[in-house]
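Single-structure report; data block below.
The values are calculated or read from the model by the stated rules, or taken from the named source; none is laboratory data. Because the structure is predicted, anything quoted here is derived from the model rather than measured. All Cβ positions, even for glycine, are placed from backbone atoms using ideal geometry, and neighbour counts span all protein chains on display.
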Amino acid sequence: MIITDQCRIAAGIILLMLVPGCGAIGPSSAPDVTPAPAAVTADESAAKSRAQEYVIGAGDQLSISVYHAPELSVPSLPVRPDGRISMPLVPDIAAAGKTPTELGNELQGRLKKYIRDPIVTVMVTGFVGPFNRQVRVIGEATEPTAVPYRDHMTVLDLMITVKGLTKWADGNSAVIVRGTGEKRETINVHLSDLIKNGDIDQNIELAPGDTLIIPQSWF
C-alpha cells in the first residue's frame, strides 16, 4: 500500500511538470526589463528651476534687505527703464533679466568689499516683468495695457484685467499674435462670444509675449 501511494505521488508530480505553466512556481527569474528613468543633468535641473522663478524686469519694485546692516537696506527701490538699480555702496547694477536670488548673490559679492559676510535678500513687491514675459492688449479694450504673464493665464483673465471691451469693439474679429519673425502665428479668438455668451471654447490659454489685438467695428 505504501509503494502504491508513492507511485501515485510521483505520477502527480510528473503530470504537473508536463502541464504548461505549472512549473513556474515561485518568483520569476526573468530579468526586470523596466526602462530606467532618464538621467537629468545638473545643468538641465538648474535651467528648469530658473524657468520657474520670477525674472525681474524694468519697472518692477524691489525690497532689498541686508542682514545686520539696516543702513544699507532699501525697502522700496524701482528698477529703472534701463533695467538697473542703485543702492548704498552699490551705485549701479543691472537687475532686469535676473531672478531675485541671482541679484541677491551679486549684491552680496559687491558688498563683501565693505562688510563681512553680507547676507542680501531681494523681494519683488511690484510686478511688471521683462518685456518677453508680458502680455499686451491693444485696440478696443477699455484699458489697453501690458501685464505680467502668469502661469496658465487665459484670454478671460486678460480681459478682466483690461476691464472688457469698448462699445465700438469688434470682439469676434480679435486675434492673438504669438511669436516673432518667421515663427509668428495668428490665432483668431471670438471675444464677444466669450464675454457675452459664455463660449468657454474661446478662453484660449496665453503664452509669454502674446499680443491681443481688438479691432474696431465698422458699424
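Below is a table of values for the structure above.
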| read-out | value |
| --- | --- |
| Filtered residue count, segment 178-194, keeping only those that are within 16 Å of V162 (Cβ to Cβ) and touching a strand residue (DSSP E or B) at 6+ places or on another chain (Cβ under 7 Å) | 2 |
| Residue in segment 166-173 that is without any contact (Cβ under 8 Å) to a residue 12 or more places away in the chain and either outside the structural domain of G59 (by TED's automatic domain parsing) or surrounded by fewer than 17 Cβ atoms within 10 Å (Cβ to Cβ) (or both) present | yes |
| Residue within segment 160-172 that is within 29 Å of G83 (Cβ to Cβ), part of a loop (DSSP other than H, G, I, E, B) and among the aromatic types (F, W, Y) present | no |
| Whichever residue in segment 131-144 is modelled with pLDDT under 95 and in contact with a strand residue (DSSP E or B) (Cβ under 9 Å, 6 or more places away or on another chain) and, among such residues, is surrounded by the fewest Cβ atoms within 10 Å (Cβ to Cβ) | F131 |
| Output for segment 174-192, where each listed residue is touching a Leu at 6+ places or on another chain (Cβ under 9 Å) and of a type outside the set (A, V, I, L, M) | R178, S192 |
| Scope segment 116-137; condition under 22 Å from H68 (Cα atoms) and either of a type outside the set (S, T, N, Q) or in a helix (DSSP H, G or I) (or both); matching residues | R116, D117, P118, I119, V120, V122, M123, V124 |
| Failed criterion for K196 (all others in (1) farther than 30 Å from K98 by Cβ; (2) outside any helix (DSSP H, G or I); (3) modelled with pLDDT under 95; (4) not aliphatic (A, V, I, L, M) hold) | (2) |
| Verdict on V177 being within 21 Å of the chain's Cα centre (by Cα), surrounded by 15 or more Cβ atoms within 10 Å (Cβ to Cβ) and under 21 Å from R133 (Cα atoms) | yes |
| Odd one out for M123, checked against (1) within 25 Å of P215 (Cα to Cα); (2) in contact (Cβ under 8 Å) with a residue 40 or more places away in the chain | (1) |
| Among the residues listed as R116, R150, the single one being surrounded by 14 or more Cβ atoms within 10 Å (Cβ to Cβ) and within 30 Å of I93 (Cα to Cα) | R150 |
| R84 at pLDDT below 95, surrounded by fewer than 20 Cβ atoms within 10 Å (Cβ to Cβ) and of a type outside the set (S, T, Y) | no |
| Selection count where residues are modelled with pLDDT of 95 or more, within 24 Å of the chain's Cα centre (by Cα) and not charged (D, E, K, R), scope segment 97-123 | 9 |
| Test: residue in segment 145-163 that is touching a Gly at 6+ places or on another chain (Cβ under 7 Å) and at pLDDT 95 or above | no |
| Residue check, K113 touching a Ser or Thr at 6+ places or on another chain (Cβ under 6 Å), part of a loop (DSSP other than H, G, I, E, B) and not aliphatic (A, V, I, L, M) | no |
| Test: residue in segment 74-87 that is without any contact (Cβ under 8 Å) to a residue 12 or more places away in the chain and of a type in the set (A, V, I, L, M, F, W, C) | no |
